[in-house]
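Some notes on the structure that comes next.
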C-alpha cells in the first residue's frame, strides 16, 4: 500500500513539474503576468519582421532582415522619404544592416529563453550567419554594416559611402563566432590591417570598405573600445597573438595622446582651431591674429566611459601585463568621468557633460557643453543615454566609491525624468522612449521605489500608442507610415521587453545590454 502511494505521489510530482515548465514557457501569454501587453508587443514586432521583414528581393533570396524601409500598410519594401528627423540620407540602410538591428537580435535570443520557442533564436542565427558569410569585403574583410554601409538586397551588393564605421558596439561576438567563426576572425583581422593606420595604433573611425585605405587623426575613444572588444573576443576564440598586439598598440597610442597635465583623453587628434576652442571654453568670441591648428583640445566625455566598458569586457580574456594595462586604463577613465560631474545632480541645471576641455577638465561654455534631457540631434546624447552608459559601467564594478558615484548619477537622472514631461517634438522617434523606459527600470532595480516603474509604464503607454498604432512594426517617426530601423525602434522594443522582465521578476540567461553608446 505504501509503495503504491509513493508511486502515485511520484507521478503527481512529475505531472506537476511538466505543468509548471509549460506554464513558465508560455508565461508571457498568460493573463496572470503583469502587463502582458508589453511582451505581446515585442513578440508581434518579432513575428511581423520574421514574416515580412526578410530578404525576398533581387535574384537571391536570403534570411537577412531588411533594416528599411517597410510600408506599414502593405508590409512591402519601398524607399520612403524621412525629412526633418535629423537622419542623414547617407546613413539610411535600404537593405540589411545588423548594426541597425542589434537590439532586435538581443530580443530574439531573449524570447527563446523566456517563452521557450526555439524559432526566434533560429531566425536570428540564420540571418546573422548568412550576413557574415556573404556580406564581407573580399579585400578588407570588413562587413557591409555600421554607420554608412548596408547590403542592398535588390542589387545583391554593398551600398552606401564605401566607408566602414561602427554604428554601435557589437555585443554579440560570442554568438557570432559560434555561427560564423571564419568570417568573424577575418573581420577582426581586417580591423587591424585596414582600419588602423600602418599598425601604429592611430586610426580614423572611417576606413575604406572595398580596398585598403586607413587614415589617421580621428581615433575617437569609443571606437577604440569597439575595436578592442572585437579583438578581445577574437583572441579568446583563436588565441592568435596578433589580436593582443592590436589591443596594445591602440592603447599605447591612446595613452600617449593624454594631456600632460590633466591626463585626460582627447576625443581624437584632429587639427582644431584655437580660436574656436577658446571661444567655446570662455563663452565669448575670440579672434587671435595667429590661429594655429593643434590637436586634442576637447573630449566627448561619455565616449571615454564607453571605452572603459569595452576594456573591462575584453580584459576578461587576457592575462599578464596587457590585462593590467587595460584595467588601469579603465579605472583612470572612471576617475575622470566622475570628476567632470562633481557637483552636478538631480536639481542642477545640467547633469551630464557632453564636450569638455581636455586642459581644463570643465565643460565648454558654448556649443555642445551639456547633454539635453529631451532634444536629440545627430552626435548629441540625451541625459537618459548617458545614464544608461553609466548603468552598463555600474554592472561591471565591485561595491565601492567608484560604483557609488555612478549610482548617484543614475538615480539623479531618473529623478529628473520623473518631473520632466517630454515636449511633443522630443518624442518624434521611438528610440528615446525605450531609453527612458530602461532608465526607469534600472532605477527601480537600484532603489526598489515603485514610482520609477509607474513612470516607465507611462512612457510604455506613450510608445505603444504613438508608434504601434498601425502595425506590429513601429512607425519610423511620428507622421510617417513606414518602418525603418535607423530611428532605433529596436531600442524601444527592447525597453518594453526589459520592463516586462522587471515587472515579472523574470530570470534570464543573458541580460539585455544597452548599446546606443
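Say we look at the stretch 342-363 and pick out the residues that are in contact with a strand residue (DSSP E or B) (Cβ under 7 Å, 6 or more places away or on another chain) and more than 23 Å from residue 255 (Cβ to Cβ); which of these is modelled with the lowest pLDDT?
The qualifying residue modelled with the lowest pLDDT is 363.
Do you know which residues across the stretch 131-147 are buried (at least 19 other Cβ atoms within 10 Å of the Cβ), in contact with a strand residue (DSSP E or B) (Cβ under 9 Å, 6 or more places away or on another chain) and not in a strand (DSSP E or B)?
The answer is 131, 132, 135, 137, 140, 142, 144, 145, 147.
Go through 191, 265 for me and flag whichever is part of a helix (DSSP H, G or I) and either farther than 25 Å from residue 93 by Cβ or touching a helix residue (DSSP H, G or I) at 6+ places or on another chain (Cβ under 8 Å) (or both).
191
For the stretch 67-97, how many residues meet the condition of being within 23 Å of the chain's Cα centre (by Cα), free of Cβ contacts under 8 Å to residues at least 60 places away in the same chain and either in a loop (DSSP other than H, G, I, E, B) or surrounded by 24 or more Cβ atoms within 10 Å (Cβ to Cβ) (or both)?
Qualifying residue count, the stretch 67-97: 1.
Does residue 181 fit the bill of being crowded, with 18+ Cβ neighbours inside 10 Å, more than 23 Å from residue 389 (Cα to Cα) and in the same structural domain as residue 253 (by TED's automatic domain parsing)?
No: the conditions fail for residue 181.
Please work out if residue 270 is modelled with pLDDT under 95 and either surrounded by 23 or more Cβ atoms within 10 Å (Cβ to Cβ) or within 20 Å of residue 170 (Cβ to Cβ) (or both).
No: the conditions fail for residue 270.
Does any residue of the stretch 431-441 turn out to be more than 16 Å from the chain's Cα centre (by Cα), modelled with pLDDT of 95 or more and either farther than 30 Å from residue 503 by Cβ or not in a loop (DSSP other than H, G, I, E, B) (or both)?
So far as the stretch 431-441 goes, yes, one or more of its residues are more than 16 Å from the chain's Cα centre (by Cα), modelled with pLDDT of 95 or more and either farther than 30 Å from residue 503 by Cβ or not in a loop (DSSP other than H, G, I, E, B) (or both).
Within the stretch 365-379, take every residue that is within 30 Å of residue 477 (Cβ to Cβ) and at pLDDT below 90 and give me the one that is surrounded by the most Cβ atoms within 10 Å (Cβ to Cβ).
376
Being touching a strand residue (DSSP E or B) at 6+ places or on another chain (Cβ under 9 Å), assigned to a helix (DSSP H, G or I) and either at positive phi or crowded, with 21+ Cβ neighbours inside 10 Å (or both) is the requirement here; does residue 232 meet it?
Criteria not met by residue 232.
Name the residues in the stretch 44-61 that are in a loop (DSSP other than H, G, I, E, B) and closer than 15 Å to residue 124 by Cβ, would you?
Within the stretch 44-61, 53 is the sole residue that qualifies.
Tell me which residues, restricted to the stretch 481-515, are assigned to a loop (DSSP other than H, G, I, E, B) and surrounded by 21 or more Cβ atoms within 10 Å (Cβ to Cβ).
Across the stretch 481-515, the qualifying residues are 488, 514, 515.
Pick out the one residue from 208, 178, 186 that is within 22 Å of the chain's Cα centre (by Cα) and at pLDDT 95 or above.
178
Within the stretch 298-342, which residues are outside any helix (DSSP H, G or I) and crowded, with 20+ Cβ neighbours inside 10 Å?
Passing the criteria: 298, 299, 300, 318, 341.
The values are calculated or read from the model by the stated rules, or taken from the named source; none is laboratory data. All values derive from a computational prediction rather than experimental measurement. No Cβ is skipped: glycine too gets one built from the backbone with ideal geometry, and neighbour counts run over all protein chains shown.
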